[in-house]
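Undergrad: One structure, pasted below without further comment.
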Amino acid sequence: MIDQRYDPKAHEQRIYQGWEAAGCFKPSGDTSAEAYSIVIPPPNVTGSLHMGHALNNTLQDILIRMARMQGKNVRWQPGMDHAGIATQMVVERQLAASGGNEDRRSLGREEFVKRVWSWKEESGGTILNQLKRLGASCDWDNERFTLDEDLNRAVNKVFVDLYNEGLIYRAKRLVNWDPHFQTAISNLEVENKEVDGHMWHFKYPLADRQTYTYVEKDEDGNVTLEETRDYISIATTRPETMLGDGAVAVHPDDARYAPIVGKLCEIPVGPKQHRRLIPIITDEYPDPDFGSGAVKITGAHDFNDYQVAKRGKIPMYSLMDEKGFMREDGKSYEQEAEIAQRIAEGNEDWDDAKIAAMNLVPEAYRGLDRFVARTAVIDDITAEGLAVMIPDPKHKDEDVSAPMVPLVENKKIMQPFGDRSGVVIEPMLTDQWFVDAETLAKPAIEAVRSGSTQFVPENWDKTYYNWMENIEPWCISRQLWWGHRIPVWYGPAGEVFCAPTEVEARALAGTGMSLTQDEDVLDTWFSSALWPFSTQGWPNDTDDVKTFYPGAVLVTGFDIIFFWVARMMMMGLKFMDDIPFKDVYIHAIVRDEDGKKMSKSEGNVIDPVDLIDGIEPDALVAKRTTGLRQPEKAPQVEKQTRKRYPKGFDAYGADALRFTLAAMATKGRDINLSVDRVAGYRNFGTKLWNATRFAQMNEAAFGAEIDPNALKLAVNRWIVGEFYTAADEVSRAIADYRFNDAADAVYHFIWDVFCDWYLELSKPLLQGEDAGEIKETRETLGWTLDQILKLLHPFMPFITEVLWDQTADRDGFVMLQAWPGDAEAWQDHDAAAEMGWVIKLISQIRSVRSDVNVPAGAKVPVSVIGATANTARCVDAHRELIMRLARLEKFTLADAAPAGSVKTIVDEATIVLEIADFIDAGEEVARLDKQLGKLGGEITGLEKRLGNEAFVAKAPADVVSEQRERLAELQGTRDKLGQAREQLAAL
RNA sequence: GGUCGAUUAGCUCAGCGGUAGAGCACUGCAUUGACAUUGCAGGGGUCAGAAGUUCGAUCCUUCUAUCGACCACCA
């Protein structure tokens, strides 16, 4: 006999180890079977399991476990991502925290990378153990790490091949630069956030104090402002970049500035005698209606300006070093400014290299942080009187005595931040490696258009197209140390040799040339993009590659469609000449119960492991109040946490968590995780556990084979049919990635059908006298529970395995049993109709009893009037059962009702409850009236519809006949109830 | 600005051209019978608003309102 209660803690880890030891997670190797593979989205080696992982991996495990039970040759490919920036950050922080004065640079590259590796060996991969706690049935024997040697070979081959095809190239471009990590990052790693910013307005004086008439007109062409000016007004949110201006641009149609286009103006910063003059040019980019309509062009520090500068051949001057400080190198400002001025005047030729080397930062600002420099520039310009002034807005409009103050607009501006570092990104002109993504994207777009790869839900394809069709070159080089080193070597004169290994690079270079390898590493996502085939042994032509590529499905969140999905599509099609997966299932993001994103810094995280193992309230509070972004909010977080989870979390177990996530995995974008639901599904596990105990107590024949056609009892034939209906629904739902429907179907079958009805209906049989009936029912009961354990297994692998193990002497794990949902559906419609009637009857009698408050212990006589032959047979066949479940004193057929009884209608028959003692005639009439009212409404609606000629003529015939039948049935019920009411009212 | 999505029971959410569903919460009854981590019964919804298509709209179309996500972005 199994224990009185199921304790997940006592079983889960033991069961998992049992599976692993028995090699259950390995592919079957059955080459005649269909292959089914999924690659795990490799979690960061630094990571720990959060609710998003729990959802993601639960869904994959459900798919994998079902496929495995279906006899497919299954591989769930596990592994981890080296996560370049994230991991380097962790180890750098450790160095900083260790108190010594060691840092990355003082250690040197080799030693630092060694430290990262040893950290990885020690504490990396926590998350994989957490995945095991969740029950993930990954093929651990084939675990991979994106920095593994063989994966590195794949990376190098891909790089070299793309380089040789011209699809990877090195170029000086404006890139997003992270001054904290001192590396370039791709535009996907930049987060644009709205922040409070300021816009300053400055006057750029015209060269030689020239003047012009500045005229503003309104929409009707009336002059609203006309004045003589010797300057052009410029607005900027980043005054420190003025030092690198190469021009001022106005729109070609902007009449205000037409008189001065082509003239020079002066940047009002720096030592007066050496200020630079820059040309006023025209370009389509400036919007005449925004600000002054004139834009300063700083090609080296702004992406829009970069485009204008390229179009207009405007020099681009880099102002900052890699840390985001104003440059200190190079010649004096005076010397550079002079050259720059000759260039601006067209008196000197220039080339990119010379321009890039020039330092146009005046000595006073050199070495300043860019934000400090900003303040200095503003102060200096304002002090000189070159800020645009307005009357102090604090004074009233007409107040002529109002002092003049500099115009500073406070406004929301979008600012780019590094998604890892959180610092403001600086566009910088640097040499980087790029992938020609546009070329690679074309087949990847086509693969989705043609349906070779399908997004589920399909509307995600729009997001995919949207990005892919406007894709920009992918910057893949990173100035980091942790990652795949770029397989490029340089000769002394800058000769480039791209080869998979240094040996091969030397062979290309010829003897005697000294080579140095490119210092940079590749974007982490470059190696992730190869994951579906690099993990299977590519570039070797292995059996695994042939068997497990392409995968069946990729399961992931929408947040990495661009980062990862799109890039796997591009690389897979390029190098494998085939899509990497047939379906892309995009699941929702898990949020807290209020729909807020779970975030450690907000203190609303629910750790999946805490739901599995349970956590005390104090520990939960402690966890949530550490690492808050605003530590002063700790009391508030504590209050909320204690209010919402006064008892912390029970140890619900992995099964309950998994089932919850599956049941909530609908097609929407968000899942608001509710702990109450986890508790509810834990109860579901308990319910199954107790049902199994009941079966054991009644000597259910677990492991029995049954032939449904040989079953004699309607109850047993009925439950077998119900099982197949449920199994079919579960199979179809999972195949369609409708995890919630699948979970609902199995839940409903087990609880509402099997436990609530079958177990109750089978009790009299199991505890009866007839040996044949007992045997058949014990077999059916055991068989059905066996099937239930299999059907539920992908959702709740642990409890089903425990029950499988403890109920019979089995010759294998439930996880390797044949999936029951593929069996040919067996149905007995007569038995279904018969039991359907019995269930309806019992429910109805119970309902009446409850409505009129018949004491639970009271047994009442009930008779059936107007039964058809079929119903009469049911009455006879199930009399004992019905009397027991509905608590009846007697249950007979009759011709007429005794006076003072209560009636209810089941199909064509009137059911008469002789409970006059318990009822008040007036109340009963009211009760019937209420029912009659409801019926009347429905009948009127149906009559109206059926009376509508257009409906009868145009609606499908089956709909019409269905509604006719329904109307007839309702009318019959109404008539019978009406009679009952009249009889009662007459008393 | 572009794209996608949401608005259904007190709460969290399914559903979807033809009788509105689940879980939790709520109400009444049941306590040593597999299970109170339970059972039985029940209350509760003009399916955001408006117009249209249709024999018929919660569902399709358009518009409006509110909320959200992603992408881009005006110096």
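Bear in mind these aren't lab numbers, they're just calculated from the coordinates by the rules spelled out. Predicted model only: the values in this text are computed from it and were never measured. Neighbour counts run over all protein chains shown; Cβ positions are idealised from the backbone, glycine included.
Undergrad: Taking the 0 to 90 degree range and rounding to the nearest ten, how far is the long axis of helix A:829-851 tilted relative to the main principal axis of chain A, both from C-alpha atoms?
TA: 90 degrees
Undergrad: So what's the gap between the Cα centers of the range A:6-57 and the range A:656-708, to the nearest angstrom?
TA: 19 Å
Undergrad: Take every DSSP beta bridge with both residues inside chain A and express the antiparallel ones as a percent of the total, to the nearest 5.
TA: Numbers: 72 of 101 bridges.
Antiparallel bridges: around 70 percent, rounded to the nearest 5.
Undergrad: Among the aspartates and glutamates, select those whose C-alpha is under 13 Å from the C-alpha of A:K411, and discard any that sit fewer than 8 residues away in the same chain.
TA: Within reach: A:E194, A:D196.
Undergrad: Please name whichever of A:M51, A:F749, A:A22 sits farthest to the positive end of the charge dipole of chain A, dipole taken about the Cα centre and charges placed at Cβ: Lys and Arg +1, Asp and Glu -1.
TA: Positive-end residue among those listed: A:F749.
Undergrad: Remind me, relative contact order of the range A:517-568 in percent, using alpha carbon pairs under 8 angstrom and six or more residues apart? Intermediate results must be reported in sequence, preceding the final value.
TA: Values: 26 pairs, mean separation 24.9, N = 52.
Computed value for the range A:517-568: 48 percent relative contact order.
Undergrad: Only Cα pairs under 8 Å and at least 6 apart count here; give the relative contact order of chain A as a rounded whole percent. Don't jump to the answer; show the numbers that get you there.
TA: Numbers: 1680 pairs, mean separation 116.7, N = 987.
Answer for chain A is 12 percent.
Undergrad: Ordered by packing density, taken as the mean number of other Cβ atoms within 10 Å over each peptide's residues, highest first, how do A:456-467, A:706-717 rank? It would help to have the intermediate numbers written out before the result.
TA: Details: A:456-467: 15.2, A:706-717: 16.8.
Taking the mean over residues of other Cβ atoms within 10 Å, the ranking is A:706-717, A:456-467.
Undergrad: Give me the one-decimal nm value for the distance between modelled label points at A:R879 and A:E348, 7 Å along each residue's Cα-to-Cβ direction.
TA: Here the modelled spin labels are 11.6 nm apart.
Undergrad: Turning to a different aspect of this structure: If you fit an axis through the alpha-carbon atoms of helix A:675-697 and take the longest principal axis of the Cα set of chain A, what angle between them do you get, 0 to 90°, nearest 10?
TA: 30 degrees
Undergrad: Show me, bin by bin at 5 Å from 0, the whole-percent P(r) of the range A:440-591 based on Cα pairs.
TA: Percent of Cα pairs in each bin: 2, 9, 16, 17, 16, 14, 11, 7, 5, 3, 1, 0, 0.
Undergrad: Another question, then. Can you tell me the relative contact order of the range A:69-225? Whole percent, Cα pairs under 8 Å, sequence separation 6 or more.
TA: Working: 73 pairs, mean separation 33.3, N = 157.
Result for the range A:69-225 is 21 percent.
Undergrad: Something else now. Provide the gained length on full extension for the span A:A735 to A:N690, in nm with one decimal, where the gain is 0.36 nm per separating residue minus the Cα-Cα distance.
TA: Contour length minus Cα-Cα distance gives 13.2 nm.
Undergrad: Sticking with this structure for a sec: What percent of all Cα-Cα pairs in the range A:233-368 falls into each 5 Å bin, going from 0 up to the bin containing the maximum distance?
TA: 2, 11, 21, 25, 20, 12, 6, 2, 0
Undergrad: If you don't mind, another one. Compare the Cα positions of A:L407, A:V720, A:V875 along the charge dipole of chain A (+1 at Cβ of Lys, Arg; -1 at Cβ of Asp, Glu; about the Cα centre) and return the one farthest towards the positive end.
TA: Of the options given, the answer is A:V875.
Undergrad: Put one equal scatterer on each alpha carbon of the range A:658-759, apply the Debye formula with no solvent term, and list log10 I(q)/I(0) at q = 0.10, 0.23, 0.24 1/Å to two decimals.
TA: Those come out to -0.35, -1.29, -1.34, one per q.
Undergrad: How far, in degrees from 0 to 90, does helix A:771-792 lean away from the longest principal axis of the Cα atoms of chain A, to the nearest 10?
TA: 10 degrees
Undergrad: On a full-extension model of 0.36 nm per residue, what is the gain between A:D618 and A:R810, subtracting their alpha-carbon distance, rounded to one decimal in nm?
TA: Full extension of this stretch gives 64.8 nm more.
Undergrad: So how do A:F526, A:F497 line up by other beta-carbon neighbours within 10 Å, fewest first?
TA: On the way: A:F526 26, A:F497 20.
With the sparsest Cβ surroundings first, the list reads A:F497, A:F526.
Undergrad: Another question, if that's okay. For chain A, what is the charge dipole size about the Cα centre, in debye to the nearest 20, if Lys and Arg each add +1 at the Cβ and Asp and Glu each add -1 at the Cβ? Display every interim value, and only then the final one.
TA: Working: 111 positive and 157 negative charges, 339 e Å.
Charge dipole, chain A, about its Cα centre: 1620 debye, nearest 20.
Undergrad: Among A:G614, A:V448, A:S118, whose Cα sits farthest toward the positive end of the charge dipole of chain A (+1 at Cβ of Lys/Arg, -1 at Cβ of Asp/Glu, about the Cα centre)?
TA: About the Cα centre, the residue reaching furthest to the positive side is A:G614.
Undergrad: For chain A, what does the alpha-carbon gyration tensor say about shape, rounded, prolate or oblate, given a ≥ b ≥ c as the root eigenvalues, a/c under 1.5 as rounded, and a/b over b/c as prolate?
TA: Prolate, since a/c reaches 1.5 and a/b exceeds b/c.
Undergrad: What is the antiparallel percent of DSSP beta bridges lying wholly in the range A:232-326, to the nearest 5?
TA: Details: 8 of 11 bridges.
Percent antiparallel among DSSP bridges in the range A:232-326 is about 75.
Undergrad: Something else about it: What 222 nm value per residue comes from the helices of chain A, counting each DSSP H run with n ≥ 4 as -39,500 (n - 2.57) and dividing by all residues, nearest 500 deg cm²/dmol? List each step's numbers first, then the result.
TA: On the way: 34 runs with 425 residues, N = 987.
It lands at -13500 deg cm²/dmol.
Undergrad: I need the shape label for the range A:65-194. Rule: rounded when a/c is under 1.5, else prolate if a/b > b/c, else oblate, with a, b, c from the alpha carbon gyration tensor. Write out the running numbers ahead of the final one.
TA: Values: a/c = 1.93, a/b = 1.31, b/c = 1.47.
Note, shape of the range A:65-194 comes out oblate.
Undergrad: Here is a further query. How would you rank A:99-108, A:73-82, A:643-652, A:308-317, highest first, on the average number of other Cβ atoms within 10 Å across their residues? Write out the running numbers ahead of the final one.
TA: Working: A:99-108: 11.8, A:73-82: 24.4, A:643-652: 15.0, A:308-317: 19.7.
Those peptides, ordered most packed to least, come out A:73-82, A:308-317, A:643-652, A:99-108.
Undergrad: Using the Cα atoms as the points, what is the convex hull volume per residue of the range A:210-262 in Å³? Don't jump to the answer; show the numbers that get you there.
TA: Values: hull volume 5.8 nm³, N = 53.
It is 109 Å³ per residue.
Undergrad: Give the distance, in whole Å, between the Cα centre of the range A:182-242 and the Cα centre of the range A:142-159.
TA: With the range A:182-242 and the range A:142-159 each reduced to a Cα centre, they are spaced 50 Å.
Undergrad: Between the range A:585-614 and the range A:518-569, what is the C-alpha centre distance in whole Å?
TA: When both Cα centres are located, 27 Å separates them.
Undergrad: Indicate the gyration tensor shape class of the range A:609-662 (rounded, prolate or oblate), computed on the Cα atoms with a ≥ b ≥ c the square roots of the eigenvalues: a/c under 1.5 is rounded; otherwise a/b larger than b/c is prolate and the rest oblate.
TA: On the way: a/c = 2.58, a/b = 2.11, b/c = 1.22.
The shape class here is prolate.
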